[in-house]
Amino acid sequence: MMRTLVICISIHHKNTEIVAKEIAEVLSADLLKPNEVEINTLSEYDLIGFGSGIYFGEHHRSLLNLIDKLPDLKGKKVFIFSTSGMSNAGNYIHNVRHRVSHFHTSSRERLVKKGFDIIGEFTCRGFDTAGPFKLIGGISKGRPNENDLENARGFAKKLKGSPNAG
Ligand SMILES: Cc1cc2nc3c(=O)[nH]c(=O)nc-3n(C[C@H](O)[C@H](O)[C@H](O)COP(=O)(O)O)c2cc1C
């Protein structure tokens, strides 16, 4: 039996938490927030997922900080997931001063640097009332929706069946 841990911080509208719960259920995984993770227990897991909403073009700071604190768990199977108000194409608005990058770039780079083996990534839209979007009642209303959650479950099932996992 594959032991899986899903680490998720979801603060804006609990959008990513809904997705995390679906993924965790499919994988019979433990679900923790970054500040609840006991780093010395991570080696007991076969697969670890990292997820949050996207904030200014990257995962939530507490998730990135946790990844930075992790020991080298060379070859440990991991996956990344997120929800975001915009599609990645819109993200250049926030990133234009630096570079146009995928929402997962900074978390992915951190994980790769630690020697983790990323076996999958998932993202979908999440209701967003940040800044000026509040004035128009928010964007990506109703997301994640049932279709997004079906996709999330499908993603998790693939992880389960992945020959790379476990
Ligand atoms: C301060 C702030 C910054 C955000 N930055 C981005 C962004 O750069 N790109 C984007 O698509 N969405 C952005 N969003 C929207 C969130 O990613 C989106 O609402 C997400 O679903 C929130 O997830 P959560 O409810 O799990 O925290 C931002 C939201 C907030 C509050």
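Where a number appears in this text, it was derived from the coordinates with a stated rule and is not lab data. Keep in mind it's a predicted model, so treat the numbers as computed, not measured. As a convention, Cβ positions derive from the backbone with ideal geometry for all residues, glycine included, and neighbour counts pool all protein chains shown.
Structure data summary
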read-out	value
Computed helical MRE - 222 nm, the chain, DSSP H runs ≥ 4 contributing -39500 (n - 2.57), nearest 500	-9000 deg cm²/dmol
Local electrostatic count at THR129 - Lys and Arg +1, Asp and Glu -1, tallied over other residues with Cβ under 14 Å	+4
Greater than 19 Å apart at Cα, pairs in LYS114/LYS157; LYS69/LYS158; LYS21/LYS113; LYS14/LYS76; LYS77/LYS113	LYS114/LYS157; LYS69/LYS158; LYS21/LYS113; LYS14/LYS76
Region 1-142, dipole about Cα centre (Lys/Arg Cβ +1, Asp/Glu Cβ -1), debye to the nearest 20	480
Projected label distance in nm at GLU150 and LYS113, using a 7 Å step from Cα toward the beta-carbon	4.0
Straight-distance crosslink candidates among aspartates and glutamates, where the alpha carbon sits under 18 Å from LYS160 and sequence neighbours closer than 8 are dropped	GLU22, GLU25, ASP30, GLU44, ASP46, ASP117, GLU121, GLU150
Summed residue charge, Cβ within 13 Å of LEU27's Cβ, Lys/Arg positive, Asp/Glu negative	+3
Whole-number percent relative contact order across the chain, with pairs defined as alpha carbons under 8 Å at least 6 apart	26
Sorted by Cβ density within 10 Å, fewest first, the residues VAL37, VAL19	VAL37, VAL19
DSSP bridge pairs, region 4-161: antiparallel proportion in percent, nearest 5	10
